[in-house]
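Okay, structure first, notes after.
The values are calculated or read from the model by the stated rules, or taken from the named source; none is laboratory data. Quick caveat: nothing in here was measured; it's all calculated off a predicted structure. Please note: Cβ atoms are built from the backbone with ideal geometry, for glycine as well, and neighbour counts cover all protein chains shown.
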Amino acid sequence: MSALLLFTLGDHPALLAGLRAYAAVESGRCEIRRFPDDESYVRVLDDCRGRRTAILCSLNQPDDRILQLVFLAATLRELGAQSVGLIAPYLAYMRQDKRFHEGEAITSRLFAAQLSAQFDWLITVDPHLHRYRSLSEIYSIPHRLVHAAPLLSTWIQQHVERPLLIGPDSESAQWVEAVAHSAQAPFIVLDKIRSGDRDVMVSTPDVTRWSTHTPILVDDIISTGHTMLQTIAHLCGVGLPAPICIGVHGLFAEQADARLIAAGAARIVTTNSVPHASNAIDLSAALMAALVDLEPG
Ligand code: R5P
């Protein structure tokens with residue numbers, strides 16, 4: 001069977017290099033740019049007739065990308081691709097998973113319907129599953145999930161002596177526990193109350209018994225950083241060493257990265273699901289394993 005023809009939307013130098021190292025993946029070429037009036041131009045430069053194709057595109061800042069993604073997927077199909085898959089290391093619009101106020105759009109469901117209509121399959125990394133127990137509740141296409149927990153554990157074991165893992169809320173408990181278990185580290189999970197996009201309160205547990213440990217805040221998404229900022233403020237006040245902030249997906253809205261460092265974080269570490277200076281954990285081997293599992297070539 002021929003290699004998967006992989007197109008890229010957005011800048012994913014590290015992931016692309018990692019995936020291209022596998023013989024089962026061949027780089028696809030396309031031209032994507034904006035006209036002066038901001039409309040998009042999309043052109044596929046390879047013959048994709050009868051080929052299995054996929055698009056690598058993380059969906060941070062999704063509103064800027066979704067239209068080009070849909071145009072590219074539809075064009076690949078029109079040009080005769082046998083299949084069109086999506087590798088979206090960060091999958092957006094997972095957090096609005098219920099109508100919190102009357103009249104709100106449940107955008108997780110609407111976004112999933114759009115992508116399910118355009119793609120034959122989906123691979124993503126730790127999607128924010130809270131009220132949905134599985135991605136199948138909203139995505140109707142075959143999919144594989146990559147779990148970053150083992151990679152986070154390995155990074156912690158290699159870089160931190162005496163870590164104490166801290167999850168900011170009950171949603172994080174599932175995988176903070178998994179990371180802590182394989183890193184053989186103690187962990188605590190805080191309670192979080194969110195009353196607005198930038199308005200977060202986390203509980204302040206007694207951590208004095210861990211005073212010789214390095215606190216490691218672990219969350220799936222770092223967006224505005226307010227969840228971690230609240231926790232850092234508490235930890236700094238009780239004399240623990242400066243914490244390390246680990247996020248699977250670093251979105252860093254509103255210069256959250258700079259604010260975390262200014263607040264006292266010793267370091268920020270993320271996977272390369274979203275390109276950023278903090279990327280220290282490579283997902284390409286795990287994504288490739290998911291690809292082979294989904295599309296045994
Ligand atoms: C939501 O529950 C997620 O797990 C994260 O805790 C949240 O997205 C972090 O957002 P922020 O960085 O804006 O506090």
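A few notes on this one:
- Screening the candidates Leu152, Leu122, Leu135 for the property of being more than 11 Å from the ligand (Cβ to nearest atom), within 19 Å of Ala265 (Cβ to Cβ), under 17 Å from the mean Cα position of the chain (by Cα) and modelled with pLDDT of 95 or more yields one hit, Leu152.
Every residue, every condition in (1) hydrophobic (A, V, I, L, M, F, W, C); (2) farther than 30 Å from Asp206 by Cβ; (3) away from the ligand (no atom under 15 Å from the Cβ); (4) buried (at least 20 other Cβ atoms within 10 Å of the Cβ), yes or no:
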{"site": "Ala105", "(1), (2), (3), (4)": "yes, yes, yes, no"}
{"site": "Leu129", "(1), (2), (3), (4)": "yes, yes, no, no"}
{"site": "Ile141", "(1), (2), (3), (4)": "yes, yes, yes, no"}
{"site": "Gln158", "(1), (2), (3), (4)": "no, no, yes, no"}
{"site": "Ala173", "(1), (2), (3), (4)": "yes, no, no, no"}
{"site": "Ala180", "(1), (2), (3), (4)": "yes, no, yes, yes"}
{"site": "Ala183", "(1), (2), (3), (4)": "yes, no, yes, yes"}
{"site": "Asp191", "(1), (2), (3), (4)": "no, no, no, no"}
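- Hey, Ile216 touching a residue at least 40 places away in the same chain (Cβ under 8 Å) and either surrounded by fewer than 21 Cβ atoms within 10 Å (Cβ to Cβ) or more than 9 Å from the ligand (Cβ to nearest atom) (or both) or not: yes
- Strands (runs of 3 or more DSSP E) within segment 22-104 that include 1 or more residues among the aromatic types (Phe, Trp, Tyr): 40-44
- Segment 225-297 holds helices (runs of 4 or more DSSP H) entirely within its bounds, and those carrying 1 or more residues that are within 16 Å of the ligand (Cβ to nearest atom) and in the same structural domain as Ile188 (by TED's automatic domain parsing) map to 226-237, 256-263.
- Count of residues meeting criterion [farther than 14 Å from Ile221 by Cβ and near the ligand (Cβ under 10 Å from one of its atoms)] in segment 161-171: 1
- Here Ile123 fits the description: in contact (Cβ under 8 Å) with a residue 60 or more places away in the chain and under 27 Å from Ile55 (Cβ atoms).
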